[in-house]
Every structure is written in C-alpha cells, then in structure tokens.
Amino acid sequence: MGTFDSACELIVETAQKLVARGYLMATGGNLSLRIEGQDAFAITPSNYDYMKMTPEDVCVLDGDLHLLAGTRPPSVETGMHAAIYRTRRDVHAVIHTHQVYTSALTLIRAPIPALFDEQARFLGRGVAIIPYAPSGTAMLANTVARHVRDHNNAYMMQNHGALVFGHDMQRAIHNVEVLEKCALAYLLALTSGRKVSRIPLAAREVAFAKLRRDQAKIEKGDLKTGGE
Ligand SMILES: [Zn+2]
C-alpha cells in the first residue's frame, strides 16, 4: 500500500459515480484531489475510460508537475488543476466536466446570476464564464487562475464545460449537481423569453458570507478536508 492509495481510490470512485450520474461521458473531463499536507495532487490520467480505471491508473504530481506516482500520462489539464491549487488554498478537490446544460449556457455566453439561495451558499455569487482558450495550454491555466480569485466554487468554460471546486471531494460532487440543476432551470427560464428574477442582493450576500467563512476555516486548517 502506498502513501497515495486512498486519494487514488477516491478519484476512481468519484469518476465512476459521475459517469453513472451522467456528468462525465466517455473520456471527457478530469478530476483531482489535493494530497493532505503535501504540495501534491492526484489526478485522472489522460484519455482513459473511467469505467476501466483502477487506482493504479491515477497519477500523482507535485506542484511543479513532476510525476510522483502512476504509469499513465496525466490529464492534459494538469497545469490548470495545479494553477487552481496554487491560487486557492481553500480548494481541495477540482472537478471538470462537459455536463450538458452547463455547457449549453457557455455556448450562448450566459453567466448564471444568483438565482437560488442554495446556489449562492455553495457555488458563490454567480457562475461566470471563463473566456475560451485551447485545452491543455498554459494560456488556459493562466486564464483560469486569474478568474478563480473571486472565491466562487463554480465556473463555466466558454464552448467547453464546467469547472467546480470543493473543500473536499464530497462537496465538489454536490457542487457539480447544484450547478447542473441551476443551469437547467436557467436555460428553461431563458427560453420563456420572460424576465428571469434573481434572489435579493442581501440574501445572496448572506449566503456567500457563509461560504467565505467555510473557506477561511479551511485556509486556517480548522475544518476537515480530504476525501471522506
Ligand atoms: Zn474538458
């Protein structure tokens, strides 16, 4: 048993759960988990069937992207994940999917305003669109790092998909689901052609303040992180 076994197991378990729920398709998307107490993270391998994946297929890299464990090439978006962990100390799990309703909103470049209390509490003030950059490039990693400084936990990547964070993997999965629910409701509301109402600004700020308090606890090490 190696040091990274539980992290690699959680990556596989989560990937397969997200396939079963329809958020991940074929080999699209990627996900990672920060390794507790180290400048390192576990991430899905590049272009490999999630349903065939075993913990041995998962890659572990340090912050400078040196491979610490794994035999397969890591996800092409590894640089983006590393940039997120560098920028956001409160983030311990990152999930990138091509989930359909969120992806649809990126095509019409419609950021999601604060529509629901639950959304503001878990995803932040709004779901912004990060401008297009080709997959796997430093340009994409840099653009993402610039946008995630606003402390939100969900973003949309233009003409691409969703990018969701959590202080642990369980919260990241939850946030993927909250995002897709909001995206679908927003799309349906937009198709009506009528004005879409938002939650009051004060309610948004109260909910976002709770999220920020959670994040501050993580940064100080007062709240449990990691897999379970
Ligand atoms: Zn992608």
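Here is a check on your reading of the model: is Thr27 polar (S, T, N, Q) and without any contact (Cβ under 8 Å) to a residue 24 or more places away in the chain?
yes
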Inset, instruction - Would you please list the contacts, defined by Cβ atoms under 8 Å and residues six or more apart or on different chains, that run from a residue in segment 105-121 that is loosely packed, with under 13 Cβ neighbours inside 10 Å to a residue that is in a loop (DSSP other than H, G, I, E, B)? - result: Leu107/Asn159; Arg109/Gln158
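Could you tell me which of the residues Gly63, Gly70, Gly124 is within 15 Å of the chain's Cα centre (by Cα) and either exposed (fewer than 14 other Cβ atoms within 10 Å of the Cβ) or away from the ligand (no atom under 16 Å from the Cβ) (or both)? Show your work before the answer.
Values: Gly63 fails: within 15 Å of the chain's Cα centre (by Cα); Gly70 fails: within 15 Å of the chain's Cα centre (by Cα).
Just a single option satisfies the conditions, and that option is Gly124.
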Legend entry - Neighbours by Cβ (under 9 Å, 6+ apart or cross-chain): first from segment 77-98, within 14 Å of Ile173 (Cα to Cα) and of a type outside the set (Asp, Glu); second in a strand (DSSP E or B) and at pLDDT below 95: His92/Gly226; Ala93/Gly226
Legend entry - All positions within segment 170-212 that are over 25 Å from His92 (Cβ atoms), of a type in the set (A, V, I, L, M, F, W, C) and surrounded by fewer than 16 Cβ atoms within 10 Å (Cβ to Cβ): Leu188, Ala189, Leu190, Val196, Leu201, Ala202, Ala203
Inset, instruction - State which residue is surrounded by the fewest Cβ atoms within 10 Å (Cβ to Cβ) when the search covers only segment 19-44 and only residues that are touching a strand residue (DSSP E or B) at 6+ places or on another chain (Cβ under 7 Å) and more than 15 Å from Asp5 (Cα to Cα). - result: Asp39
Inset, instruction - Output yes when any residue across segment 154-167 is surrounded by 13 or more Cβ atoms within 10 Å (Cβ to Cβ), among the β-branched types (Val, Ile, Thr) and either more than 16 Å from the ligand (Cβ to nearest atom) or in a helix (DSSP H, G or I) (or both), and no when none is. - result: no
Legend entry - Subset of segment 144-156 (residues that are free of Cβ contacts under 8 Å to residues at least 60 places away in the same chain and more than 11 Å from the chain's Cα centre (by Cα)): Arg146, His147, Asp150
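The values are calculated or read from the model by the stated rules, or taken from the named source; none is laboratory data. Everything quoted here is computed from the prediction, not taken from an experiment. Neighbour counts are summed over all protein chains in view; Cβ atoms, including those assigned to glycine, are modelled from backbone coordinates with ideal geometry.
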